[in-house]
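Colleague: Take a look at this one; I'll ask things after.
The values are calculated or read from the model by the stated rules, or taken from the named source; none is laboratory data. Quantities reported herein were computed from a predicted structural model and do not represent experimental measurements. No Cβ is skipped: glycine too gets one built from the backbone with ideal geometry, and neighbour counts run over all protein chains shown.
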Amino acid sequence: MSECVNVTIHASQFPENVRRDLLASLRTRKVNHKFHYDSFKQTQKWLALHEAHSPARYDEDCLTTYDQAFAAAAKKIKSKSVHVIGLGCGGGQKDEQLLGFLKARGKEIFYTPCDVSTAMVLVARQNALKILPDKNCFPFVCDLATADYLQKSLVTRHASLVTFFGMIPNFAPQEILPKLASLVRPQDWLLFSANLAPGKNYAAGVKKVLPQYDNLLTHDWLLTFLTDLGVARGDGKLQFRIKDDAANGLKRIVADFHFARPVRVKIESETFEFRAGESIQLFFSYRYTPPRVRKILSRYGLEVRKEWISNSGEEGVFLCRQKW
């Protein structure tokens, strides 16, 4: 195996743009989620959190749900070659499983692991190389929240299967769905997963899954952003709440750090003052239901062709195409 890896870095992750986004996060008191994956330390903490609390890692039925979705998606691909575009690939475990199903059907596979974290992209690449040759893997680092015209960088002559596992909850629908839709041509497919609120009562379902977020591993992971900026854990308290997004008919779980005493954060020549009683939003995660997924995707020209829901009702996988 080569000792060097070629990784493409999109302009959204050039140093000057990362600095711009960091300053904007502190000014607006709303942290861009990419800053929770910025370092290898944060990546390792997220991977540990995912291993401990993601149903896709410990729930056998959830694992079966993904296997069914992967088998069906692989069967839908009629072309001899397929380009899997793994948006927000994380460690690439789910993409690796999907690649295995495609290989079993004799497909020539090309894979672009895409994430805001270079460390995550490298982990996903390493996992993918169990299935396909190095020459068919094209690691790509970008910030989906700020990058535009991604089709120029990601879409190729091959039929595409765009994956977006576990990521849609961390974006406002109006910000991410137009970008996803732009990557899906008439011959392409989109396969994504959504965290769901279980049960018939939407509000009660969101409340039920709150412990998956409000736990020690999540606290440790999220607070790393602040401690790396010089904020002490004792300077305040991390609190989770459920917030309504009336425009989209959704609820989301939000994590805010509430300052108990004044804190000053200095980034080069910029200084940010946080007074006692102020807060900064570190994280949010939308919770969907299958009907809400179908309704919101339809607004952006995407149609759910098939869906798989775990028995717990907490995880759903959706196979989509262009609506028109």
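Colleague: Of (1) surrounded by 14 or more Cβ atoms within 10 Å (Cβ to Cβ); (2) more than 24 Å from Arg19 (Cα to Cα); (3) more than 22 Å from the chain's Cα centre (by Cα), Arg292 satisfies all except one. Which?
Modeller: (3)
Colleague: A further question follows. Of everything in region 234-247 that's under 25 Å from the mean Cα position of the chain (by Cα) and assigned to a strand (DSSP E or B), which residue is nearest to Leu26 (Cα to Cα)?
Modeller: If we take residues in region 234-247 being under 25 Å from the mean Cα position of the chain (by Cα) and assigned to a strand (DSSP E or B), then Leu238 is nearest to Leu26 (Cα to Cα).
Colleague: When you scan region 73-104, how many residues do you find that are part of a loop (DSSP other than H, G, I, E, B) and farther than 18 Å from Asn127 by Cβ? Talk me through it step by step, then tell me what you get.
Modeller: Taking region 73-104 as the starting set, the residues that turn out to be part of a loop (DSSP other than H, G, I, E, B) are 77-80, 88-92.
Remaining after also requiring farther than 18 Å from Asn127 by Cβ: 77-80.
Matching residues across region 73-104 total 4.
Colleague: A follow-up question, please. Please find, within region 252-288, the residue that is farthest from the chain's Cα centre (by Cα) out of those that are surrounded by 12 or more Cβ atoms within 10 Å (Cβ to Cβ) and acidic (Asp, Glu).
Modeller: Looking at the filtered set, the residue picked out is Glu270.
Colleague: Select from region 56-77 the residues that are surrounded by fewer than 18 Cβ atoms within 10 Å (Cβ to Cβ) and at pLDDT below 90 and list them in ascending order.
Modeller: First, the residues of region 56-77 that are surrounded by fewer than 18 Cβ atoms within 10 Å (Cβ to Cβ): 57-61, 63-64, 67-68, 71-72, 75-76.
Scanning region 56-77 gives Arg57, Tyr58, Asp59, Glu60, Asp61, Leu63.
Colleague: Next question, about the same structure. Of the conditions (1) surrounded by fewer than 19 Cβ atoms within 10 Å (Cβ to Cβ); (2) at pLDDT 95 or above; (3) not charged (D, E, K, R); (4) not assigned by TED's automatic domain parsing to the domain that holds Leu49, Asn311 clears all except one; give me its number.
Modeller: Every listed condition holds for Asn311 apart from (2).
Colleague: List the pairs whose first member sits in region 126-137 and is under 13 Å from Ser81 (Cβ atoms), whose second member is among the acidic types (Asp, Glu), and whose Cβ atoms are under 8 Å apart, counting only residues at least 6 apart or on separate chains?
Modeller: Listed pairs, sorted by first residue: Asn136/Glu108.
Colleague: Right, here's the next one. Scan (1) farther than 16 Å from Thr43 by Cα; (2) assigned to a helix (DSSP H, G or I) for the single condition Leu122 breaks and write down its number.
Modeller: The number of the failed condition is (1).
Colleague: Given the conditions (1) more than 26 Å from Thr146 (Cα to Cα); (2) more than 20 Å from the chain's Cα centre (by Cα); (3) of a type outside the set (Phe, Trp, Tyr); (4) surrounded by fewer than 19 Cβ atoms within 10 Å (Cβ to Cβ), which single one is not true for Val231?
Modeller: Tallying (1) more than 26 Å from Thr146 (Cα to Cα); (2) more than 20 Å from the chain's Cα centre (by Cα); (3) of a type outside the set (Phe, Trp, Tyr); (4) surrounded by fewer than 19 Cβ atoms within 10 Å (Cβ to Cβ), Val231 fails exactly one: (4).
Colleague: Turning to a different aspect of this structure: Looking for something in a helix (DSSP H, G or I), of a type outside the set (Gly, Ala, Ser) and without any contact (Cβ under 8 Å) to a residue 40 or more places away in the chain - is there at least one such residue anywhere in region 30-40?
Modeller: Within region 30-40, none of the residues are in a helix (DSSP H, G or I), of a type outside the set (Gly, Ala, Ser) and without any contact (Cβ under 8 Å) to a residue 40 or more places away in the chain.
Colleague: If a residue must be closer than 20 Å to Ile9 by Cα and in contact (Cβ under 8 Å) with a residue 40 or more places away in the chain, how many such residues does region 84-116 contain? Before the answer, list the steps.
Modeller: First, pick out the residues of region 84-116 that are closer than 20 Å to Ile9 by Cα: 84-92, 110-116.
Applying the additional criterion that residues be in contact (Cβ under 8 Å) with a residue 40 or more places away in the chain yields 84-91, 110, 112, 114-116.
Final tally of qualifying residues: 13.
Colleague: Here's another thing I want to ask about it. Would you check which residues across region 183-207 are surrounded by fewer than 17 Cβ atoms within 10 Å (Cβ to Cβ) and either in contact with a strand residue (DSSP E or B) (Cβ under 9 Å, 6 or more places away or on another chain) or in a helix (DSSP H, G or I) (or both) and list them?
Modeller: Arg185, Pro186, Gln187, Ala203, Ala204, Lys207
Colleague: While we're looking at this one, here's another question. Got at least one residue in region 199-217 being under 28 Å from Thr8 (Cα atoms) and touching a helix residue (DSSP H, G or I) at 6+ places or on another chain (Cβ under 9 Å)?
Modeller: No: zero hits.
Colleague: So which strands (runs of 3 or more DSSP E) are wholly in region 264-324 and hold at least 2 residues that are in contact with a Ser or Thr (Cβ under 9 Å, 6 or more places away or on another chain) and in contact (Cβ under 8 Å) with a residue 40 or more places away in the chain? Write out each step before concluding.
Modeller: Numbers: elements: 270-274, 279-287, 302-309, 315-322.
It comes to 279-287, 302-309, 315-322.
Colleague: Turning to a different aspect of this structure: Hey, among the residues in region 1-29 that are assigned to a loop (DSSP other than H, G, I, E, B) and loosely packed, with under 13 Cβ neighbours inside 10 Å, which one's nearest to the chain's Cα centre (by Cα)?
Modeller: Phe14
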